[in-house]
Amino acid sequence: MTAIRLTNTMTHRKEVFAPLDPANVRMYLCGPTVYDRAHLGNARPVVVFDVLYRLLRHVYGPGHVTYVRNFTDVDDKIIAKAAATGRPIGDITEETIGWYHADMDALGALRPTHEPRATDYIPQMVAMIEELIARGHAYAAEGHVLFAVDSWREHYGALSGRSVDDMIAGARVEVAPYKRNPMDFVLWKPSADDQPGWDSPWGKGRPGWHIECSAMSDALLGSSFDIHAGGIDLQFPHHENEIAQSMCVHPEASFAQVWMHNEMLQVEGKKMSKSLGNFFTVRDLLDKGVPGEVIRFVLLGTHYSKPMDWTEKKREEAEATLRKWWALTASLDDVGPLAPPKKLIDALANDLNTAGAIAVLHELAGSVKALELAAGLEFLGLEETPSLGAVGSFGLGVDTAVLEAANALARRWMALREAKDFSAADSLKVRAAEIGVELTVLREGKVQSGNAAVLGRPSLAQLEALK
RNA sequence: GGCGGGUUGGCGGAGAGGUUACGCAGCGGAUUGCAAAUCCGUGAAGACCGGUUCGAUUCCGGUACCCGCCUCCA
């Protein structure tokens, strides 16, 4: 069996992965708060850990991996959006979840085994909070329930490498009179009448942010499971707080064995932020005609443990590379599921070295091993999605009639070339390029043929006009 | 202030204590109506200072610089 090695953020070491139960390998990824479209930074962990999911399924069997990714559908940002738009919260979360699925599907991410919504697990959260109070790790105060970090002082901070004392020294925490220690964090908070709330022993209220992941991972994966993943920004305080909650409720258990965190995404060398104006969503890119596979390729081109920079140049290179590979594999007959190349699996098994895996694909393409290339592309989720169009097309939603018209154009162009009417041929080529159709020569031995690549969004009328 | 990450050839970006990463671009050539694509060949690296070692870009320490998190935008 392939030995998978993963860097465990908890120990800062690359360790050989040994699941608690090989018949049921369990991983949890912190999912989105559903109040708006997912931006590119949100997509990185989804794509990176989708590759981990694929690798685990390959090694342990597709039926032996349980992957949970939650939806946070109760949160102050959602409440704020509802207030600003006058729309019901349920409408907003439902719509956003639909967007999320569509966008992540476009990036080739497989759907997790379970996608629990926080609001479906309120009773479990309340039970967990009650248990924390009973065990002396939490206390109610002014309608709130807070986790008492002093009750867990010697352990709190292990993941992020800080001690309670360190953090108080640098204190940038919300100071509230009802907190015993400024580092104490909210498990439950009161809701006003116009805010979503549930009855609880502490009055009508709603959960704090961290408790949902503890409750849902416990319900779906158990009190000890294998991998917990997310962006490095979640390491503190979110994951630290999850650990505190879960370990205090189940001191006999070990919670997550391996913690994995991806580094942050930047755009043209700078942090993506609304104030810098370089903030964009996955949907923005898709709408601009960047195929999901291209976005995925760029995201996988940098190892997850390093900051990754999204640049226009990378987008172009990724697009050119994929176009080349798809052309190489397009002529293959459908030969059914293919075993991924061993070298590719070896690269991924080494701490999810996706950049190394892509290098393996480059080597396969260079030595014209089309079958293995196709298998590798499929494994990484980079195969050309059949619905996108026929051979030679590149781009989303090019419909058949447009494609047929473009191909007719290519045939006409070749006819002009063969008749040595080069000025007419060149003129046609230039005009085709203007509406986003690239005409090129394909050679197979001594036989030449014209090829049309639809790069833009030409209308049928525009294509007809060139005839 | 606390915590963490990074610094590899023109650019992007990996592994590995000793043997070519890989890609893009460049350069030389083939092919070509012109292009594009393709094919063959090719130069180029490891921030700085020490240490360990027969040998370090790879391990350890220090210096410099860059970046992120702790603060509604992951």
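The values are calculated or read from the model by the stated rules, or taken from the named source; none is laboratory data. Since we're looking at a predicted model, the values are computed, not measured. Counting neighbours? That spans all protein chains shown, and the Cβs are built from the backbone with ideal geometry, glycine included. The accessibility values were calculated without ligands, DNA or RNA, using every heavy atom of the protein model including side chains. Shrake-Rupley method; radii C 1.70, N 1.55, O 1.52, S 1.80 Å.
Tabulated data
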read-out	value
Linear extension gain, A:Phe280 paired with A:His12, 0.36 nm per residue minus alpha-carbon span	93.3 nm
Nonlocal amide H pairs with A:Ala138, under 5 Å, H built at 1.01 Å	A:Ile133, A:Ala148
Per residue accessible area of chain A, 1.4 Å probe, in Å²	45 Å²
Rounded to whole Hz, the Karplus (6.51, -1.76, 1.60) HN-Hα couplings of region A:340-346, x for glycine and proline	x, x, 4, 4, 5, 5, 4
Long-range HN-HN contacts of A:Ser200 with modeled amide H, under 5 Å	A:Gly205
Residue-wise HN-Hα coupling along region A:231-241, computed from phi with Karplus coefficients 6.51, -1.76, 1.60 (Hz; x: Gly, Pro)	x, 4, 5, 7, 4, 10, x, 4, 6, 4, 6
Charge context of A:Gln124, other residues only, Cβ under 13 angstrom, K/R +1, D/E -1	-4
Extent along principal axes [Cα atoms of chain A; Å; largest to smallest]	89, 54, 38
Dipole in debye (nearest 20) - chain A, about Cα centre, beta carbon charges: Lys, Arg +1; Asp, Glu -1	1320 debye
Aspartates and glutamates whose Cα lies under 15 Å from that of A:Lys343, excluding same-chain neighbours fewer than 8 positions away	A:Asp351, A:Glu363, A:Glu372, A:Glu378
Rounded to whole Hz, the Karplus (6.51, -1.76, 1.60) HN-Hα couplings of region A:293-307, x for glycine and proline	5, 5, 4, 4, 4, 5, 4, 8, x, 10, 4, 4, 7, 10, x
A:Phe379, A:Phe147, reordered so the largest accessible area comes first (probe 1.4 Å)	A:Phe379, A:Phe147
Solvent-accessible area of A:Ile232 with every protein chain in place, 1.4 Å probe, in Å² to the nearest 10	50 Å²
Amide H within-cut-off set for A:Asp226, under 5 Å, with H built and near neighbours excluded	A:Arg26, A:Gln257
Cα-Cα over 32 Å, subset of A:Lys81/A:Lys313; A:Lys77/A:Lys306; A:Lys324/A:Lys420; A:Lys274/A:Lys429; A:Lys14/A:Lys270	A:Lys81/A:Lys313; A:Lys274/A:Lys429
Contour minus Cα-Cα distance for A:Ala102 and A:Val430 (0.36 nm per residue)	114.5 nm
Charge sum, other residues only, whose C-beta stays under 11 Å from A:Gly456's C-beta, Lys/Arg counted +1 and Asp/Glu -1	-1
Neighbour-limited loop hits for chymotrypsin sites (Phe, Trp or Tyr not before Pro), region A:165-274 (at most 15 other Cβ within 10 Å; DSSP other than H, G, I, E, B)	A:Tyr178
Fraction of accessible area attributable to carbon and sulfur, chain A (%, probe 1.4 Å)	52 percent
